[in-house]
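Each value in this text was obtained by applying a stated rule to the coordinates, not by laboratory testing. Bear in mind that the values here come from a model prediction, so they are computed numbers and not experimental data. Here the Cβ positions follow ideal geometry from the backbone for every residue, glycine too, while neighbour counts run over all protein chains shown.
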Amino acid sequence: MQIKSYETEYCGKKLRVEISDLAGQANGSVLVRYGETTVFATATMSSQEKNLPYFPLTVDYEEKFYAAGRILGSRFIKREGRPSEEAVLTSRIIDRTLRPLFDKRIRRDVQVVVMALSVDGKNDPDIPAIVAASLALGISDIPWGGPVGAARAARVEDKFIMNPTYEEREKSIMDLVVCGKDSRINMVEAGLREAAEEVVAEGLKAALLEVVKIEEFQKEIIEEIGKEKAKIELKEKPAEIVEAFKSAFWPKLEGIIYGEKGKPGLQRGKPDIGPIKKEWLDSAKEKFGEDNLNLAEQVFEDGVDEMVHSKILDAKEGEEMRQDGRKINEIREVYAGVAYLPILHGSGVFYRGDTHVLSTVTLGAPGDAQLIEGMEVQTTKHFMHHYNFPPFSVGETGRMGSPGRREIGHGALVERALAGVIPPKEEFPYTIRVVSETMSSNGSTSQGSVCASTLALMDAGVPIKSPVAGISMGLMMRSDKEYKILTDIQGFEDHFGDMDFKCAGTKVGLTAIQLDIKVDGVTLGMLEKGLYQAKEARGQIMETMLKTISEPRKELSPMAPRIIKLMINPDKIREVIGPGGKMINSIIEKTGVEIDIEQDGSVFITSKNMESAEEAKKIIDGITHEYAVDEVVSGPVTRLFDFGAMVEIGPMQEGLVHISELAPFRVNKVTDIVNIGDQVKAKVISIDEKGRINLSIKQLDPKYNPGDDSRNRHGNGEGYNGRSNHHGNGRSNQK
């Protein structure tokens, strides 16, 4: 094996690149080490072109459990199966970074595969994975517009930390990943803890400086060993097809999108350009032949793109034309509703134009938390958000089933937006599952899900820190100086625009942002303007939401379970569980509750009603109660001895009443005073070093005086429990 190595200092740590023939059949391959985290990336392109109307790019990020030195999985299946959610999200980040830099006219399959070979538990493999993918493409013969750089920014105690460790990220108010090229940004992913817009802008700027450094490092390697790029025939749009489209179909298209004579077309919804597109393709097929159909489709798409750009960029300020007649900083009509499904624990409905989302909240026991068993981390998650996008939401038919990458990505974005306002488990011990169903889609259903989920959480009585609203910002640009930001883009503007910049946050600050673009990159100034324009829009949306429900309900839904939390001595956990789980199972069977016990002694009792929970609590209190001298206890007599009686004072807990402590006089036989089954009260008089408890019945007699036993010599002294004691007979039923 021949290895060529390169090294640089990257955010205070060594980043090493190794290029070898390990994957010699790929067009390009690179191994990147960052700390002890190691990733391997390959880039491969097919030799045959496909007759497709789009560029077939695939990006896969593969987690291998051996990279963490663990054998994970079920008892029977030990090899990796479907990608974890974290792997899917990393694949999406890499894809969204690389895709804008390809020529969309390429019709050969291109696949980028990144494998995490080892993880050190400190450095997240996603940043080195982006660098490795960029370099694999850069040194290959695959035509591409890179390289790109990537960096993560955290902010701890008002200072930025670049490419922080997992531990540093836990303390940070931001987890901000930025990718870009030539001092421009082309991908952003961030989870934030109500960070102000100016702080986020500072984070973007700080990360961009590091992006430029790692980009320059890659350029040096590519310059030295990079292959000459393959010559791929990129079909240009024939002038005659372009002319035929513009002369015959441009006016029709303009009328459908914007209305006749400049009047707005559809005030709501998206323009139905399908019929005119079919008409154009039929015409093009007849005039230019079937072989040119893909080019004709490209002419149509590019024509629409040019039209929507010109209606915004060529208009004077305030006169810009959007398909639905709105101003560029205007949001669509908003509606918010709660308790849509009263039988559920919580539900919310949110409309923004033709984007309609229904979100539901289900509250469960702590034991319902999701177990995360991944390559990088093993933990449990007590708050989760899931997003669904059925085909009927866009008026189409299609496959229903397990979520795809898009659904997983949108679900994670909404979860990130809400996670910072969810109460900690110590304050609200419920497991919380929120599900967002996209019922109608026309632009930024993820941000609609943020709003609907916030409504549902408040409807459920979850004491969130602050309500969260989200909005998506768009962009029409020709250059860094000729551009305009659009508020609340709908699907049509997303498809033909240049940016989808999702911004979610509270009144205090941002909780999540995500940037996807279709151009090479955008400037920091564009994103700053987008952040502040989004803040204004979020405020308007929040106003509508708070008119519907101003704060979380004070009481949980009657349908929601009830949880009682108590703390016990950790040494008592084994007693609550019992041999082979016998004790805890008996409590569950008797009361019908769920019981979760944690190592620190936290006990959570979950029940459909408070009465059952209280009953279980009483039993556990009895098992774990730590008795003290002078404490008064009660219970049935369970065993008799010549020297005394055993009294059950709690579950699995007995105390001994010595014969001398049964009564304030001499007792000849234990049975003269008590028998098995008698309910008695007693006082704890001592606890020995082994925890054995000694009790006294006689010391509870208020007339008892150890220095005066005269009552013992008279036949009418009143004994404990109101019994009449007769000297000589020991015990009598006489009244």
Taking 0.36 nm per intervening residue step and subtracting the Cα-Cα distance, what contour gain separates TRP250 from TYR532 on full extension?
98.0 nm
Toward the positive end of the charge dipole of the chain, about the Cα centre and with charges on Cβ (Lys, Arg +1; Asp, Glu -1), which of ILE71, LEU527, ILE564 goes farthest?
ILE564
On a 0 to 90 degree scale, rounded to 10, what angle separates helix 582-591 from the longest Cα axis of the chain?
80
Going Cα to Cα from LYS617, which aspartates and glutamates come in below 17 Å? Please leave out same-chain ones fewer than 8 positions away.
GLU575, GLU589, GLU594, ASP596, GLU598, GLU626
For ILE685, distant residues with modelled amide H under 5 Å away
ASP630, ASN694, LEU695, SER696
Which residues does a label at VAL519 reach in the stretch 458-491, if reach means a backbone N under 14 Å from a point 7 Å past the Cα toward the Cβ?
474-486
Cα extents of the chain along the three principal axes, largest first (Å)
127, 66, 46
Evaluate the relative contact order of the chain (contact order divided by residue number), counting alpha-carbon pairs under 8 angstrom at least 6 apart; express in whole percent.
9
Any trypsin sites (Lys or Arg not before Pro) in the stretch 151-190 that lie in a DSSP loop and have at most 12 other Cβ atoms within 10 Å would be LYS171
Charge dipole of the chain about the Cα centre (unit charges at C-beta), most positive-ward option of LEU640, LEU455, VAL131
LEU640
Against the longest alpha carbon principal axis of the chain, how many degrees, from 0 to 90 and to the nearest 10, is the axis of helix 293-313 turned?
80
How far is it, in nm, from the label point at ALA315 to the one at GLU243 when both lie 7 Å from their Cα along the line to the Cβ?
3.1
Which three numbers, in whole Å and largest first, are the semi-axes of the equivalent ellipsoid of the stretch 45-107 derived from its Cα gyration tensor as √(5λ)?
33, 14, 9
Trypsin sites (Lys or Arg not before Pro) within the stretch 299-384, DSSP loop, no more than 15 other Cβ atoms inside 10 Å
LYS316, LYS327
Helix-only CD estimate at 222 nm, as mean residue ellipticity for the chain, using -39500 (n - 2.57) per DSSP H run (n ≥ 4)
-9000 deg cm²/dmol
In nm, the gap between the two label points placed 7 Å beyond Cα toward Cβ at ILE225 and THR671 is 9.6
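At 0.36 nm per residue, and after removing the present C-alpha to C-alpha distance, how many nm does the segment from GLU157 to VAL632 gain when stretched out fully? Numbers along the way, then the final one.
Details: separation 475, 0.36 × 475 = 171.00 nm, distance 5.30 nm.
Computed gain between GLU157 and VAL632 is 165.7 nm.
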Against the longest principal axis of the chain, how steep is helix 126-139, in degrees 0 to 90 to the nearest 10, with axes from Cα atoms?
20
Counting only other residues whose beta carbon sits under 10 Å from that of MET45, what net charge do I get with K and R as +1, D and E as -1?
-1
Antiparallel DSSP beta bridges within the chain, as percent of all bridges there, nearest 5
90
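Want the number for GLU426 to LEU341: 0.36 nm per residue separation, take away the alpha-carbon distance, what's left?
Length gained, GLU426 through LEU341: 27.7 nm.
Any idea what the relative contact order of the stretch 239-313 is, in percent, if you count C-alpha pairs under 8 Å spaced at least 6 apart?
Values: 45 pairs, mean separation 22.8, N = 75.
Relative contact order, the stretch 239-313: 30 percent.
Treating only the Cβ of Lys, Arg, Asp and Glu as charged (+1, +1, -1, -1), what charge dipole size does the stretch 239-313 show about its Cα centre? Round to the nearest 20 debye. Spell out each step's value before the answer.
Details: 11 positive and 15 negative charges, 113 e Å.
Around 540 debye, computed over the stretch 239-313.
Assign unit charges at the C-beta atoms only (+1 for Lys and Arg, -1 for Asp and Glu), then state the dipole size of the stretch 3-225 relative to its Cα centre in Debye, rounded to the nearest 20. List each step's numbers first, then the result.
Details: 31 positive and 37 negative charges, 133 e Å.
The calculated dipole for the stretch 3-225 is roughly 640 debye.
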Ranking THR606, ALA244, GLN48 by how far each Cα lies towards the positive end of the charge dipole of the chain (+1 on Lys and Arg Cβ, -1 on Asp and Glu Cβ), the top one is THR606
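Is there a quick way to get the dipole size of the chain? I mean about its Cα centre, with the Cβ of Lys and Arg at +1 and of Asp and Glu at -1; what is the value in debye to the nearest 20? Intermediate values should be presented prior to the final figure.
Details: 96 positive and 113 negative charges, 356 e Å.
Result for the chain is approximately 1720 debye, rounded to the nearest 20.
Once the Cβ-Cβ distance between SER466 and LYS78 is put in as r, and R0 is 30 Å, what FRET efficiency do you end up with, to the nearest 0.05?
Values: r = 44 Å, r/R0 = 1.46.
Result of the calculation: an efficiency of 0.10.
For the chain, the longest stretch holding no chymotrypsin sites (Phe, Trp or Tyr not before Pro) located in a DSSP loop with at most 11 other Cβ atoms within 10 Å is which?
Excluding the exposed sites themselves, the longest stretch runs over 77-642.
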